Amino acid sequence: MSHHRNPKALLTPAMHHVVERMARAGHLPLHALTPVQARETYAAGAGILELPLHAMACIEAFTVPARDGFAIPVRLYGPSQDALPVLVYFHGGGFTIGGIATHDGLCRQLSHLGRCAVLSVDYRLAPEHKFPVAVNDAWDAVQWVVREGSGHRLNVAHLAVGGDSAGGTLAAVCAILARDAGLALRLQLLFYPGCAGHQRSDSHHRFAQGFVLEEPHISYFFNHYLRTPADRDDWRFAPLDGTNETGDLAELADVAPVWMGLAECDPLVDEGVQYADRLRMAGVPVDLEIYRGMVHEFIKMGRAVPEAARAHGDAARALRTAFKEGFCA
């Protein structure tokens, strides 16, 4: 098929325009920068294509304790003062960049549209903090919500985890840890999560260059995050094909139901589909949406592409449904 020869032909006209504008801007690629510079660059550009910020009834900033005593910064969004179901959200950025500020607009949207509280977690970043610190921080934040959330007007019986990209990886891993801990989550909300330990799938080759998330970025992020090549094969990094101490794939039966939104023109799309397949084979309900002609990071481009708002709406509907079903249980 001709589109294999020119994968750019798959992009929607609006998405194509965004990609061309980025190329013409001629900024140094993130992988040419130090991690600190990359964070500053990403933060400076994070809001440019975002939809206008949604006003929230309440926003609260505080910290929650990690297992080693570190105070993890979090920001809690609420569309009302009521006791609300809660989505614990982990931002993307290859475990190296990104933070509460870069994902402020998205968290506001999910809170407003999902009619739930959103707790955005500023887990520690690589290379200062390598694997598995991000995983531990993410899981410690989830456990804090279960223990202490009711003191912040959170209905902790109605709890979901979510994230985009690397944050989607963290959410997927937390869903497995929750199952192991006997904690019933209502939903795992995954935007183009990283799932595989090795970048060998067809989409990694087809979309390696020119689709926002490029192969050199992926190597750059993972080289900062992982301690050794063996970490690639740990299920806490690669829930799809990583293994546990006994060399077995992560067991996925009985993890929380999944809503997954993937971008068609994204190196990560194939591993997302494969993870959805593995979950379904384990009997987990999966609602999978593939947004045609979109690239990685598109959910933060609402000014430029209508699919971003559509994905926010689809994800929020999944949250409302999951939380409502919880109320009936």
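The values are calculated or read from the model by the stated rules, or taken from the named source; none is laboratory data. This structure is a prediction, so every number in the text was calculated from the model and none was measured. Counting neighbours? That spans all protein chains shown, and the Cβs are built from the backbone with ideal geometry, glycine included.
When only residues in the stretch 48-106 that are β-branched (Val, Ile, Thr) and over 30 Å from residue 29 (Cα atoms) count, which is surrounded by the fewest Cβ atoms within 10 Å (Cβ to Cβ)?
63
In the set 64, 118, which member is of a type in the set (A, V, I, L, M), over 18 Å from the mean Cα position of the chain (by Cα) and either farther than 21 Å from residue 314 by Cβ or assigned to a strand (DSSP E or B) (or both)?
Criteria check complete, one pass: 64.
Taking into account only those residues within the stretch 158-195 that are in contact (Cβ under 8 Å) with a residue 40 or more places away in the chain and of a type in the set (D, E, K, R), which is surrounded by the most Cβ atoms within 10 Å (Cβ to Cβ)?
164
Give 254, 241, 248, 202 a once-over and let me know the one that is out of contact with any Pro (no Cβ under 9 Å at 6 or more places or on another chain), of a type outside the set (A, V, I, L, M, F, W, C) and on the phi > 0 side of the Ramachandran plot.
Working: 241 fails: on the phi > 0 side of the Ramachandran plot; 248 fails: on the phi > 0 side of the Ramachandran plot; 202 fails: on the phi > 0 side of the Ramachandran plot.
Only one candidate passes the filter, namely 254.
Check whether at least one residue in the stretch 21-42 is in contact with a Phe, Trp or Tyr (Cβ under 6 Å, 6 or more places away or on another chain) and modelled with pLDDT under 95, and report yes or no.
Within the stretch 21-42, one or more residues are in contact with a Phe, Trp or Tyr (Cβ under 6 Å, 6 or more places away or on another chain) and modelled with pLDDT under 95.
Just to be sure before I move on: is residue 211 in contact (Cβ under 8 Å) with a residue 12 or more places away in the chain, under 24 Å from residue 27 (Cβ atoms) and in contact with a Cys (Cβ under 7 Å, 6 or more places away or on another chain) in the structure I sent?
For residue 211, the condition - in contact (Cβ under 8 Å) with a residue 12 or more places away in the chain, under 24 Å from residue 27 (Cβ atoms) and in contact with a Cys (Cβ under 7 Å, 6 or more places away or on another chain) - is met.
If residue 247 satisfies all but one of (1) out of contact with any helix residue (DSSP H, G or I) (no Cβ under 7 Å at 6 or more places or on another chain); (2) in contact (Cβ under 8 Å) with a residue 24 or more places away in the chain, what's the number of the condition it fails?
(2)
Out of the residues in the stretch 121-147 that are outside any helix (DSSP H, G or I) and of a type in the set (Asp, Glu), state the one that is surrounded by the fewest Cβ atoms within 10 Å (Cβ to Cβ).
In this case the residue turns out to be 128.
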